[in-house]
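Novice: Below is a structure I'd like to ask you about.
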Number of protein chains: 2
Amino acid sequence: MLQKFKPAKSEDKQALKAETAALREKLLAQQQLIREKKLPIIILLEGWAAAGKGSMISSLISEIDPRFYNVVSPVIRPEKEERYPFLYPYFAAIPENGKIMFYDAGWMDSAVSKYLRRDITKKEYKARIQAVQEFERQLRDGGYLILKLFLHISEKEQGKRLAALRENYETEWRVADDDVWQHREYNTFAETYDAFMDKTDDPIPWHVLDGEDKKVAVRDALKLLTDLIDQGLEKGRYVGKPFKEKFPLKKMPRLSEVDLSPTIEDAEYRKELKKLQKRLGELHNVIYRRKIPVILCYEGWDAAGKGGNIRRITKPLDPRGVDVMPIASPEPHEINRHFLWRFWTRLPRTGHICVFDRTWYGRVMVERLEGFCSEADWKRAYAEINEFERQLTDWGAVVLKFWIQIDSDTQLQRFTDRQNTPEKQWKLTDEDWRNREKWPQYEEAIDEMLQKTSTENAPWFIIESNDKKYARIKTLRIVIDALEKACAKYEE
Amino acid sequence: MLQKFKPAKSEDKQALKAETAALREKLLAQQQLIREKKLPIIILLEGWAAAGKGSMISSLISEIDPRFYNVVSPVIRPEKEERYPFLYPYFAAIPENGKIMFYDAGWMDSAVSKYLRRDITKKEYKARIQAVQEFERQLRDGGYLILKLFLHISEKEQGKRLAALRENYETEWRVADDDVWQHREYNTFAETYDAFMDKTDDPIPWHVLDGEDKKVAVRDALKLLTDLIDQGLEKGRYVGKPFKEKFPLKKMPRLSEVDLSPTIEDAEYRKELKKLQKRLGELHNVIYRRKIPVILCYEGWDAAGKGGNIRRITKPLDPRGVDVMPIASPEPHEINRHFLWRFWTRLPRTGHICVFDRTWYGRVMVERLEGFCSEADWKRAYAEINEFERQLTDWGAVVLKFWIQIDSDTQLQRFTDRQNTPEKQWKLTDEDWRNREKWPQYEEAIDEMLQKTSTENAPWFIIESNDKKYARIKTLRIVIDALEKACAKYEE
C-alpha cells in the first residue's frame, strides 16, 4: 500500500476548506447520535515518525465535545520489560458504548518495531499478526466501528522533518533514537508495514493518508470517519455471525457420564494436602523467577466447593504473587464494553498467578440461558474464547480450567445445610434456587462448552467434587503437574 | 515503639492454638456482616525486611472468602521514575464498601526508605508525613476501618533470616539490595520508623507485633482485626466531624458582585487567541520536558461555556500530553469508595496536563444540595479538598480552578437557544431546568465554596463568560501566566 502510494493532486484551496468545514459540522451533529445509539468507535492512527499523527488527532478532535472521545497513546516498553500480553494495552483502552477512542499509534507499530528490532522472533511476530486479526474481528463482531488510518510521508520528507526538529532546542527531544533508526531503515519498514497491512486488511480495511498535505489528509480522515459513523447509524450495531475456527480439541465426557464416587480417606487427605501444598509453594518461586504467568479458571455448580478448593491452592502461595478474582455480574462500565474486556484488564503480570472464581465462560452459560446476550453472541463466543486463550498461551501463560462437578442430590443437600447453618446462610441466595431449577438446561450448555473449548493449550478438567477433599487433591495435582511441565519446558 | 518493644512471654501452645482457631471462626462469621453493613476495611502491614509479612497475610486470609478481600503490594519505583503523587498507589487501591484490602507494606515504608536513601529531601519527607496523616484521617472520616500493624524482628534475627535466605539458591532472589542495606542501617531505620509512627499514631494507632513468634503475632493480628470489625459493626459507619485547618486563603468576591459586562471585539479576539494558543503550545513542550504536572479545573453554571473554553485551551496542545476528564455522576464502583477516589485515579502523569470538566467540588455543590451526602460530609469536604490540592501542589503540580460565571438571564437565553437548535438540543436536559430553579441555593453554595477553597497554592479564578470570547482569552492568559511562573521557578 505504501510502496504503491500516489500522492493526491493539489486541490482547490477554497473548495477544500469548505468541504472540511462541512465535514466538521457533520461530525459535530453525529456526536450525540453516537451516544444515543450507543455505538463504540475506535480510530487507529498509525504512520511514520514525524508524519504528524499528533497534529492530525488534534485537528480531528478540535470540535468534538470531550464527553464523547478520549485519546490513548499506549506506552511501548522494551520486550523484556513487558509484563502483559501484547494486546493488553489496546484491549484495556477500548471505548465504552457511545464513545470514540483515538489510538495514537497502536498494535501495528508495536508489533513491527519489535520485530524489526529483533525483540521478538518471526514466530512471535506471526502470532501477533494473528492476534491482531482476531482482535479486530472480535471487536467488529461485538458492534465496534473501527477506522484504521496510516499517515504516510516519503523517505525524503521524513528526513527533512527529522532534521528540522533536531535543529531546534525546543523540539529536538521529540526525535527519539527509534525515529532515527526507522528513517535509516525506511525501506525495510515500508515493506514490513505493507505486508502487515495486507494481512490485516480484511475485514477492517486500511486507509493510507497523504501526510505531506495535511489539509487533504484531515479532510480525507473526516470523510472516512463520518461515512463510517453514517453506516453505523443507519445499520445499527453490528452483531457478528458465529464462525468456525479449527482448534485442536480434547475429547471430553458428558457430565452425565462422570463417575462421582471417588473419595479420599481423611488421613490420606491430610498427608497429601501437606505434601502437595509444599510442592506448590516451591513451584511458585520457580514460576516467579522464570516469569511464567499462570491463569487458573474455576467454574462449577453452586455449592460445588469452588471456594474451598481455591483456598487450598492459594494457601501455600506468597500473597504478593497471587490474585483471586471473584467474578460477579458485570458493572455498568463493564457491560458497556466487549465482554472480554473485564477479563483482559484482570490478567496477571508475568510470574504471577491469577485464579478466576468464575470466568468468561459466563457468556456461554448464564448469559446464554438468561438471554443477557444474543444467540449469535454466545454461539460466536466459543471460537472467540478459544482465540483469547490461545493468545494467552502464546504469551507463555499456563491456562488451566476446572469444572467442579457434583450431582443434583449433593447440591440439594449442601443448599439445605447452608440454609440450616446461620453463618453459612449468606452463601445461599434465591438465585441459587432459581438456577437449580434450570439444571437440565445448564447441563446442556456446560456439555456444549466442554466439548467446544477444551483445547490442547487450555484444557478443561472435570473435578469430581461430591467428596470435596478428593476434589482438592485432584486439582492440586493437576496444577503441580502443569507447572512442572511449564518450568521444564523453559529449561529446554 | 520499636526501640521500647518487649517480646511477649512464651505462651501455652494449646491455649494459643485454641484461641487462634476461635478468632478465625469469628472472622469467618464477620465477613458477610462486613458486606451487609458495607464497611470498607484497610489493613496496613508494615515491618522489617524478612519479618514475614507475606506469610502473615497468607495466614490472615487463609479462611476468608476471596469475594471479601484483596491484597495489594504497591510497587515502589525510584523517585525519579515516579510519575504520580506519593499517595497515588495507596489511594488508588482503597477497597470498596464491604471489602477488606490488605496492603503488603505501604506508605510508611515508601516514605522512610526514600528519605533514608536521600531520594527525597527532609522537606519532602515532612510533607509526606503530613499527607499520610491527612490520608488516614480522611479515610477514617469517610467510614473506613483502618488497622495499622508493624511486624517487628530484632537486628540479630533479621541478620540470621537474611543469611538463611541467601544461602539457598531457590530463595536468594528474595533478598533485595535494599534489604541488605536496611539491615546494615538497622538502627537508623528503627529510629526513623519510630519517629514516623509517633507522628501518625493519632487518630489511627499503630500496633507492633512480634515477628519472632509467628503464632503469637497471627493471634494478636486476628484479635485486633476482629475487635476493630466488632466496633465497626456495633457503631455503624463512622462519619467524621467537620474540622478547621488553616490554609492561606485568597479573598474572593461574592458572585453577585462580579461585573459581567466585559467583552472583546471579534478582530481583537481572533488575534489574541492565535497568539495565546501559540504561546501555550510552546509552554506545553517546556512543562513536558520539565515533568511539571498541570491540573485545570472547570466549574460553572450550565451553559456558561465550559466546553468551548476547554477546547480553546486544548486545541494547541499535543493530544498525547493532555487529557480532558468529563466528570458525570459517579458509577456504582465509584460511589462505593471515598469521594476523592475517582479523582485520584484520574490524575495526570508528571509533564501532562489534565483538564477536569467538573470536579471534586461536586461534593459541596450538587451533592450538598441534592442530599447525596450528609451535612457533616460536605462541611468536612472544604478542608479535605484543600488538603488534597495541597498534596498535589506539594507534588509539584500547577493547580488552577476556574469558575465560569454568567448571569441568570444569559443562561435562560442560552437554554432557549439550545432548545430551538436541533443539533444543540442534546446539550439541554430536564436536569438543567431543575438546577436552574435552584439558582439561589446554588449561588449560596458556590459563594461559600469560593470563600473556603481559594488557597494561595490552588486558587480560584472567576471567569466572566456572558461574552464567551472574553472568557476564553482571560482563561488562556491565566493558564499561560501560571505555566510561565512554574517553568521559571523550575529554573531558579
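Novice: What pairs come out if I take residues in segment A:419-435 that are assigned by TED's automatic domain parsing to the domain that holds A:GLY305 and pair them with residues that are of a type in the set (Asp, Glu) and part of a loop (DSSP other than H, G, I, E, B) whose C-beta lies under 8 Å away, six or more apart or interchain?
Specialist: Partner pairs satisfying both residue conditions: A:ASP432/A:ASP302; A:ASN435/A:ASP302.
Novice: If I go through segment B:173-190 residue by residue, how many of them are acidic (Asp, Glu) and exposed (fewer than 12 other Cβ atoms within 10 Å of the Cβ)?
Specialist: Residues flagged as acidic (Asp, Glu) and exposed (fewer than 12 other Cβ atoms within 10 Å of the Cβ) within segment B:173-190 amount to 1.
Novice: Working only within segment A:85-131, note down all residues that are of a type in the set (S, T, N, Q) and within 30 Å of A:THR226 (Cβ to Cβ).
Specialist: A:ASN97, A:SER110, listed by residue number.
Novice: Can you pull out every residue in segment A:378-418 that is in contact (Cβ under 8 Å) with a residue 40 or more places away in the chain and of a type in the set (S, T, N, Q)?
Specialist: Within segment A:378-418, A:ASN386, A:GLN391, A:THR393, A:GLN405, A:THR410, A:GLN411 meet the criteria.
Novice: Of all residues in segment A:283-308, how many are under 30 Å from B:VAL175 (Cβ atoms) and within 26 Å of the chain's Cα centre (by Cα)?
Specialist: Number satisfying all stated conditions: 11.
Novice: Filter segment B:15-65 down to residues that are aliphatic (A, V, I, L, M), in contact with a Gly (Cβ under 6 Å, 6 or more places away or on another chain) and closer than 17 Å to B:ASP220 by Cα, then give me how many there are.
Specialist: 2
Novice: Got a sec? Which helices (runs of 4 or more DSSP H) wholly within segment A:132-242 have at least 3 residues that are over 19 Å from A:SER110 (Cβ atoms)?
Specialist: Qualifying helices (runs of 4 or more DSSP H): A:155-167, A:214-235.
Novice: What's the total number of residues in segment B:100-131 that are assigned to a loop (DSSP other than H, G, I, E, B) and buried (at least 21 other Cβ atoms within 10 Å of the Cβ)?
Specialist: Total meeting the criteria: 2.
Novice: Just to verify a result, which residue in segment A:381-410, among those that are touching a strand residue (DSSP E or B) at 6+ places or on another chain (Cβ under 6 Å) and assigned to a helix (DSSP H, G or I), is surrounded by the fewest Cβ atoms within 10 Å (Cβ to Cβ)?
Specialist: Once the filter is applied, the top-ranked residue is A:THR393.
Novice: Kindly indicate whether B:GLN138 is touching a residue at least 12 places away in the same chain (Cβ under 8 Å) and under 15 Å from the mean Cα position of the chain (by Cα).
Specialist: yes
Novice: With (1) away from chain B (no Cβ under 14 Å); (2) small (Gly, Ala, Ser); (3) part of a helix (DSSP H, G or I) as the list, and A:GLY281 as the residue in question, which single condition is left unmet?
Specialist: Answer for A:GLY281: the failing condition is (1).
Novice: Just name the residue that is surrounded by the fewest Cβ atoms within 10 Å (Cβ to Cβ) out of those in segment B:42-81 that are in contact (Cβ under 8 Å) with a residue 60 or more places away in the chain and either of a type in the set (D, E, K, R) or in a loop (DSSP other than H, G, I, E, B) (or both).
Specialist: Per the stated criteria, the residue is B:GLY52.
Novice: Suppose the filter is free of Cβ contacts under 8 Å to residues at least 12 places away in the same chain, more than 14 Å from every other protein chain (Cβ to nearest Cβ) and out of contact with any Leu (no Cβ under 9 Å at 6 or more places or on another chain); does A:GLU375 pass it? Spell out how you get there, then give the answer.
Specialist: Working: free of Cβ contacts under 8 Å to residues at least 12 places away in the same chain: yes; more than 14 Å from every other protein chain (Cβ to nearest Cβ): yes; out of contact with any Leu (no Cβ under 9 Å at 6 or more places or on another chain): yes.
Taking the combined requirement at face value, the residue satisfies it.
Novice: Name the pairs whose Cβ atoms lie under 7 Å apart, with the first residue in segment B:208-222 and within 15 Å of B:LEU44 (Cα to Cα) and modelled with pLDDT of 95 or more, the second part of a helix (DSSP H, G or I) and basic (Lys, Arg), and 6 or more positions between them or separate chains?
Specialist: From residues that are within 15 Å of B:LEU44 (Cα to Cα) and modelled with pLDDT of 95 or more, the pairs are B:LEU222/B:ARG24.
Novice: Still on this model: Take the residues in segment A:434-453 that are assigned to a helix (DSSP H, G or I) and of a type in the set (D, E, K, R); name whichever of them is farthest from A:GLU370 (Cα to Cα).
Specialist: First, pick out the residues of segment A:434-453 that are assigned to a helix (DSSP H, G or I): A:434-437, A:439-453.
Next, from what is left, pick out any that are of a type in the set (D, E, K, R): A:434, A:436-437, A:443-444, A:447-448, A:452.
On the way: A:ARG434: 11, A:ARG436: 13, A:GLU437: 13, A:GLU443: 14, A:GLU444: 14, A:ASP447: 17, A:GLU448: 16, A:LYS452: 20 Å.
Across segment A:434-453, the extreme among qualifying residues is A:LYS452.
Novice: Under the condition of being of a type outside the set (A, V, I, L, M, F, W, C) and within 11 Å of chain A (Cβ to nearest Cβ), which residue from segment B:75-96 is farthest from B:LEU147 (Cα to Cα)?
Specialist: Looking at residues that are of a type outside the set (A, V, I, L, M, F, W, C) and within 11 Å of chain A (Cβ to nearest Cβ), I get B:ARG83.
Novice: May I pose another question? Determine which single condition A:ASN420 fails, assuming it passes every other condition in (1) at pLDDT below 95; (2) buried (at least 17 other Cβ atoms within 10 Å of the Cβ).
Specialist: Condition not satisfied by A:ASN420: (2).
Novice: Here is a follow-up. Just checking, does segment B:163-175 include any residue being farther than 22 Å from B:SER58 by Cα and either in contact (Cβ under 8 Å) with a residue 12 or more places away in the chain or touching a strand residue (DSSP E or B) at 6+ places or on another chain (Cβ under 6 Å) (or both)?
Specialist: no
Novice: Based on this model, can you work out whether A:GLU155 counts as modelled with pLDDT under 95 and in contact with a helix residue (DSSP H, G or I) (Cβ under 6 Å, 6 or more places away or on another chain)?
Specialist: Considered against the rule, which asks whether it is modelled with pLDDT under 95 and in contact with a helix residue (DSSP H, G or I) (Cβ under 6 Å, 6 or more places away or on another chain), A:GLU155 comes out as no.
Novice: What residue, of A:LYS126, A:LYS114, A:LYS156, is closer than 26 Å to A:VAL71 by Cβ and among the basic types (Lys, Arg)?
Specialist: A:LYS114
Every residue, every condition in (1) surrounded by 17 or more Cβ atoms within 10 Å (Cβ to Cβ); (2) at the interface with chain B (Cβ under 10 Å from one of its Cβ atoms); (3) without any contact (Cβ under 8 Å) to a residue 12 or more places away in the chain, yes or no:
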site	(1), (2), (3)
A:GLU257	no, no, yes
A:ARG270	no, no, yes
A:ARG290	no, no, no
A:VAL294	yes, no, no
A:ALA303	yes, no, no
A:ILE313	yes, no, no
A:ARG337	yes, no, no
A:VAL355	yes, yes, no
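Novice: Continuing with this model, one more query. Residue check: is A:PRO262 surrounded by fewer than 17 Cβ atoms within 10 Å (Cβ to Cβ) and either in contact with a strand residue (DSSP E or B) (Cβ under 9 Å, 6 or more places away or on another chain) or in the same structural domain as A:VAL355 (by TED's automatic domain parsing) (or both)?
Specialist: Answer is yes for this residue.
The values are calculated or read from the model by the stated rules, or taken from the named source; none is laboratory data. Note that the coordinates shown come from a computational prediction; the quantities given were computed from them, not determined experimentally. Backbone-built Cβ (ideal geometry, glycine too); neighbour counts: all protein chains shown.
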